[in-house]
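Worksheet: the structure to be examined is printed underneath.
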Amino acid sequence: MQHRIVFSDIDGTLLNPERELSALTISEIKRIKDSIPVILISSRMPSAMTHLQKELDILNQPLICYNGGLILVDKTPIHSTVIPLEILEELAIFNKSQKVHLSLYHNDDWFVPEMDFWANREANNTKVTPIVRSTNEVVQDWKSQQKGAHKIMCMGEETYIDDAYSFLQENFADKLHLYRSKPTYIEVANKNISKLTAIEVLLQTHFNIPITQAVAFGDNYNDVEMIKAVGTGVAVANAKPETKEVANVITLPGKEDGVAMFIKNNIK
């Protein structure tokens, strides 16, 4: 199988136990990057990915952010799909008692209602500092600018997250993707997009490479579609069972340089 382009998820897949890039990962990606494009694809916002691109020396490559909700080429959006503002308004009303932390994202803006435990943990993990602004203020601002959310992150105690998940599932199952990445997290995106739809857009409009010659690495539920569709789908050993089930190859765990070891052994 010819490998002409690489797509890699970040969290749980590419990073070491310190949630950083290992020396081996950096060296292996730098080894291939001039002949094989390496594209980061994540639920993260752009600025939570560009510092990793810089370390890998792939700042010239596109970024797929928000699970496919935003595609950037030369830092310019070429494809953008948001969550309708009316859904965010209804979620804010449901959450009026503030039991769930709602992080709101649009392009490279990240808004939090306060710097609580959840905001601080995300800031530490992603190395990005959010803007503190109430959900209602953000909604009013976005209304006047005709914007929506590329992603909503619901974080909180598991019981409250269960309730929020049920509310969103019962009312907006036909409009939203709900990724329960952890018992205390829900990542919310527009149902019309996925990592696979973003890969298809980039391959058709920017690279002109068939999907059969793409390699994709991932670990979670939101990686299943792309791993199943590409020519070589690679799951790290710590991946969800559903992700490993559709993979062509299972490599070492993400924290043990699984991506780098596959590249080292299979991409010359």
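The values are calculated or read from the model by the stated rules, or taken from the named source; none is laboratory data. It should be emphasised that the depicted structure is a prediction, and the values quoted were computed from it without experimental measurement. Neighbour counts run over all protein chains shown; Cβ positions are idealised from the backbone, glycine included.
The lone criterion from (1) surrounded by 13 or more Cβ atoms within 10 Å (Cβ to Cβ); (2) in contact with a Ser or Thr (Cβ under 9 Å, 6 or more places away or on another chain) left unmet by V138 is number (2). Helices (runs of 4 or more DSSP H) fully within segment 143-235 that include at least 1 residues being more than 30 Å from K268 (Cα to Cα): 158-172. Within segment 91-101, the residues that satisfy the criterion of being closer than 12 Å to A164 by Cβ, of a type outside the set (G, A, S) and not in a loop (DSSP other than H, G, I, E, B) are L91, F94, H101. Evaluated against (1) charged (D, E, K, R); (2) more than 16 Å from the chain's Cα centre (by Cα); (3) farther than 24 Å from V73 by Cα, K182 falls short on exactly one condition, (2). With the structure loaded, tell me whether V188 is under 30 Å from S97 (Cα atoms), surrounded by 18 or more Cβ atoms within 10 Å (Cβ to Cβ) and of a type in the set (V, I, T) or whether it fails that test. So V188 passes the test.
Checking the structure you have, find out if any residue of segment 238-254 is of a type in the set (K, R) and in a loop (DSSP other than H, G, I, E, B).
From segment 238-254, those of a type in the set (K, R) are 240, 244; that's our starting set.
In the following step, the residues that additionally are in a loop (DSSP other than H, G, I, E, B) were identified as 240.
Checking segment 238-254: at least one residue is of a type in the set (K, R) and in a loop (DSSP other than H, G, I, E, B).
Applying the condition of being of a type outside the set (F, W, Y) and buried (at least 18 other Cβ atoms within 10 Å of the Cβ) to segment 110-126 and asking which residue is farthest from the chain's Cα centre (by Cα) yields P113.
For L56, the criteria (1) surrounded by 20 or more Cβ atoms within 10 Å (Cβ to Cβ); (2) hydrophobic (A, V, I, L, M, F, W, C); (3) in contact with a Pro (Cβ under 7 Å, 6 or more places away or on another chain) hold in every case but one, which is (3). The residues of segment 133-166 that are closer than 21 Å to E122 by Cα and either acidic (D, E) or outside the structural domain of S97 (by TED's automatic domain parsing) (or both), listed by number, are E157, E158, D162. Number of residues in segment 92-109 that are in contact with a Lys or Arg (Cβ under 8 Å, 6 or more places away or on another chain) and either exposed (fewer than 15 other Cβ atoms within 10 Å of the Cβ) or over 26 Å from L63 (Cα atoms) (or both): the value is 0. The sole residue among L85, L52 that is at pLDDT 95 or above and either among the hydrophobic types (A, V, I, L, M, F, W, C) or more than 23 Å from D141 (Cβ to Cβ) (or both) is L52. Answer yes or no: is there a residue in segment 27-48 that is of a type in the set (S, T, Y), under 23 Å from Q213 (Cα atoms), modelled with pLDDT of 95 or more and exposed (fewer than 15 other Cβ atoms within 10 Å of the Cβ). Taking every residue of segment 27-48 in turn, at least one turns out to be of a type in the set (S, T, Y), under 23 Å from Q213 (Cα atoms), modelled with pLDDT of 95 or more and exposed (fewer than 15 other Cβ atoms within 10 Å of the Cβ).
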